[in-house]
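Mind having a look at this structure? Questions to follow.
All of the numbers you see were taken from the coordinates with simple rules; none came from a lab. Values in this document were obtained by computation on a predicted structure and should not be read as measured data. We place every Cβ from the backbone using ideal geometry, glycine too, and count neighbours over all the protein chains shown.
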Amino acid sequence: MFVSGLLKDKRILITGGGTGLGKNMARRFMELGAGVVICGRREEVLKETAGELAGETGGGISWKPLDIRDPEAVERTLAEVWDDGPLDALVNNAAGNFLSRTEDLSHRALDAVVNIVLHGSAYMTLECGKRWIAERRPGNVLSIVTTYAWTGSGYVVPSAMGKAGVLAMTRSLAVEWGPKNIRLNAIAPGAFPTEGAWSRLLPREDLAEAFETRNPLGRAGDPDELANLAAYLLSDQSGFITGEVVTIDGGAWLSGAGQFNFASMLSDEDWQNLRPKKKDG
Ligand code: HXC
């Protein structure tokens, strides 16, 4: 759907870029001409992904092992990345999550998720933002959140807290850093099945199927649909959009929110019976 050089000359870092949706975004950005840096905790995975995507797209890709929960490692890694040339964009994609009753969580479990989702995204954003501001360069931050960043959700409470914080950061910094030509936006995906998320959140087939089909469009998202949206938001074509969150969930959260949407369960006969009866004569 885009011209092939849409992201030409852009250098984009993707956290959690070795697997899942991060890897798919990396592939799409490379197809569109971007140079990509992928970060993640497992060097072997990054190396394999980089080799695979370079072979498939012929584009430029490098990798840096990084646990974004460690602020010193973030600082060190971004200094190394910048030594090879400045970034144009950051994608806060790395996340941590699992399904649990909240009363079963230890403080370590809470920290494990919030430190990745909120602190990790904030450390990355700050380190990039400080450099862009010092160098008077434009910048672009895209964060992957969820619709429960604003609705909240039981059973994934640390993730909901973290994602809500990332959305607040996005909207706050869009205003504070707008005059410095730094844009910040977010994407709120619905059901995009990946091994990493589904094994932790929907570890039973019936749960997975229910989750994937409980939206008005009745299907799961295609990772390329998400990658294309991300490419648009990172491109100069979306240059006037900042502080925005774009939902891509097949209408899932609205269908749960609208008070009368439950009426889709009514049959044709029910609807006929609900119509006012014609008066005799
Ligand atoms: C209860 C759990 C638990 C579970 C871990 N813990 N899993 N508690 N239920 N299922 C507890 C542990 O017992 C421990 O506490 C603490 O959490 C830390 O666990 P570790 O395994 O030591 O942590 P770590 O190795 O750092 O792993 C972090 C992680 C893990 C978040 C727990 O899942 C991870 O690495 N995730 C990264 C990838 C990921 O989650 N992807 C999915 C993102 S999906 P104690 O007290 O025992 O020491 C997403 C999208 C959502 O965000 C939207 C979908 C639509």
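With springs only between Cα atoms under 10 Å, which of 234, 126, 184 fluctuates most in a Gaussian network model of the chain?
Looking only at 234, 126, 184, the biggest GNM fluctuation is shown by 126.
To continue, here is another question. Between residue 139 and residues 5 or more places away or on another chain, which pairs have amide H atoms under 5 Å apart, with H built 1.01 Å from N, and which residues are they?
Residues meeting the criterion, in which the H sits 1.01 Å from N, are 182, 183.
For the stretch 136-146, take each phi angle, set θ = phi - 60°, evaluate the Karplus expression 6.51 cos²θ - 1.76 cosθ + 1.60, and give the result in whole Hz per residue in order, putting x for glycine and proline.
Result, rounded to whole Hz: 6, 9, x, x, 8, 10, 10, 10, 8, 10, 8.
Under a 5 Å amide H to amide H cut-off, with H placed in plane at 1.01 Å, what residues pair with residue 36 once short-range neighbours are removed?
The list, which skips near neighbours in sequence, is 12, 60, 61, 62.
Could you state the per residue volume, in Å³, of the convex hull enclosing the Cα atoms of the stretch 144-281? Don't skip to the end; give the middle numbers.
Values: hull volume 24.6 nm³, N = 138.
Convex hull volume per residue, Cα atoms: 178 Å³.
What does the convex hull of the Cα atoms of the stretch 104-149 come to per residue, in Å³, rounded to a whole number? Mind dumping the intermediate values first?
On the way: hull volume 3.3 nm³, N = 46.
Given the Cα convex hull of the stretch 104-149, per-residue volume reads 71 Å³.
If I build a Gaussian network model for the chain, linking alpha-carbon pairs within less than 10 angstrom, which residue out of 61, 133, 14 has the largest mean-square fluctuation?
Result for the chain, Cα springs under 10 Å: 133 fluctuates most.
Counting each pair of different Cα atoms once, what's the Kirkwood radius of the stretch 125-181 in Å, rounded to one decimal? All intermediate terms of the calculation are to be shown ahead of the outcome.
Details: mean 1/r = 0.0804 Å⁻¹.
Taking every pair of different Cα atoms in the stretch 125-181, averaging 1/r and inverting gives 12.4 Å.
Computed from the mean reciprocal separation of all distinct C-alpha pairs, what Kirkwood hydrodynamic radius does the stretch 76-144 have, in Å? If you can, show how the numbers build up before the last one.
Values: mean 1/r = 0.0732 Å⁻¹.
Kirkwood radius, the stretch 76-144: 13.7 Å.
Considering all alpha-carbon pairs of the chain, what whole percent are spaced by more than 33 angstrom? Don't jump to the answer; show the numbers that get you there.
Numbers: 9669 of 39340 pairs.
Everything past 33 Å amounts to 25 percent.
Pick from 54, 89, 188: which is most flexible by mean-square fluctuation in a GNM of the chain where alpha carbon atoms under 10 Å apart are linked?
54
Nothing charged except the Cβ atoms of Lys and Arg (+1) and of Asp and Glu (-1): what's the magnitude of the dipole of the chain about its Cα centre? Round to the nearest 20 debye.
Numbers: 30 positive and 36 negative charges, 152 e Å.
Using Cβ point charges on Lys, Arg, Asp and Glu, the chain gives about 720 debye.
Taking every pair of alpha-carbon atoms in the stretch 22-73, what share in percent sits in each 5 Å bin, from 0 to the bin with the longest distance?
Result returned by the calculation: 4, 23, 32, 19, 13, 7, 2.
Using only the Cα atoms, work out Rg/Rh for the stretch 33-187, with Rh taken as the Kirkwood radius, to two decimals. It would help to have the intermediate numbers written out before the result.
Details: Rg = 16.3 Å, Rh = 16.5 Å.
Answer for the stretch 33-187: 0.99.
Now a separate question. Convert 4 °C to kelvin, take the viscosity as 1.567 mPa s, use the Kirkwood radius over C-alpha pairs of the stretch 215-281 as Rh, and evaluate the Stokes-Einstein diffusion coefficient in µm²/s, rounded to a whole number. Kindly include the intermediate steps, with their values, before the conclusion.
On the way: Rh = 15.9 Å.
Answer from the Stokes-Einstein relation: 81 µm²/s.
Out of residues 5 or more away from residue 190 or on other chains, whose amide H comes under 5 Å of its own, with H placed 1.01 Å from N in the peptide plane?
Here the answer is 248, 249, since their amide H atoms fall under 5 Å of that of residue 190.
Taking every Cα atom in the stretch 193-251, find the radius of gyration and the maximum pairwise distance Dmax, and write them in Å.
14.3, 42
Then there is this: Could you tell me what fraction of 2.2 N^0.38 Å the Cα radius of gyration of the stretch 54-106 comes to, as a two-decimal ratio? Don't skip to the answer; put the middle values down first.
Working: Rg = 16.3 Å, N = 53, 2.2 N^0.38 = 9.9 Å.
Taking the Cα Rg and dividing by 2.2 N^0.38 Å, one obtains 1.63.
Enter the per residue convex hull volume of the stretch 1-116, computed from alpha-carbon coordinates, in Å³ rounded to the nearest integer.
Working: hull volume 13.0 nm³, N = 116.
Residue-normalised Cα hull volume stands at 112 Å³.
Enumerate the helices in the chain for which the Kyte-Doolittle hydropathy averages 0.0 or more and the C-alpha atoms extend at least 27 Å along the helix's axis, using complete DSSP H runs. Don't jump to the answer; show the numbers that get you there.
Numbers: long enough: 157-176 (28 Å, 0.73).
Counting only whole DSSP H runs, the qualifying helices are 157-176.
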